[in-house]
Amino acid sequence: MFADKGQDIKLDPSFEPESEKPKKENVEKFKLLQKYNRINLVIPVDAEHMYFAAMENKSCKLTILGEHY
């Protein structure tokens, strides 16, 4: 999902399955990103949780450990 180190993935409400208009492909990506978040490979940018990053049109990025893998 991350083509380059330091790249952010832009999120929006379509990634959250409980939003008004979820997109199936985005929801599947978000599930994987949330799993990576739980094991400290991905973190939300300028948001406390991945949910808020998606609902507030923010992004997520790889941690240093995530960039290593």
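Just so it is clear, none of the values below were taken in a lab; they were calculated from the coordinates. All figures in this text were calculated on a predicted structure; none of them were measured in a lab. So basically every Cβ, Gly included, is an ideal-geometry build from the backbone, and we count neighbours across all protein chains shown.
For L11, the residues whose amide H sits under 5 Å from its own are K58, S59, C60, ignoring neighbours fewer than 5 places away on the same chain, with H placed 1.01 Å from N.
Tally Lys/Arg at +1 and Asp/Glu at -1 over every other residue whose Cβ is under 11 Å from the Cβ of N37; what's the total? Within the 11 Å Cβ shell, the charges total +4. The structure shown yields Kirkwood radius over Cα pairs in Å, and of the options (1) 13.5; (2) 11.8; (3) 15.6 that calculated value carries the label (2). Legend: distances between Cα atoms for K10/K58; K21/K61; K35/K61; K10/K61; pairs beyond 18 Å are K21/K61. Whole-Hz Karplus values for the range 38-44 come out as 5, 9, 6, 9, 9, 10, x Hz, taken residue by residue from phi with 6.51 cos²θ - 1.76 cosθ + 1.60 and θ = phi - 60°; glycine and proline positions read x. Rounded to the nearest 20, the Cβ-based charge dipole of the range 8-68 about its Cα centre (Lys and Arg +1, Asp and Glu -1) stands at 240 debye.
Our coupling estimate for the range 8-15, obtained by passing each phi through the Karplus curve with A = 6.51, B = -1.76, C = 1.60 and θ = phi - 60°, is 9, 9, 6, 10, 8, x, 5, 7 Hz, Gly and Pro reported as x. Distances between placed amide hydrogens fall under 5 Å for V42 paired with N37, T63, all partners being 5 or more residues away or on another chain. The mean sequence separation of alpha-carbon pairs under 8 Å and at least six residues apart, normalised by the residue count of the chain, gives a relative contact order of 37 percent.
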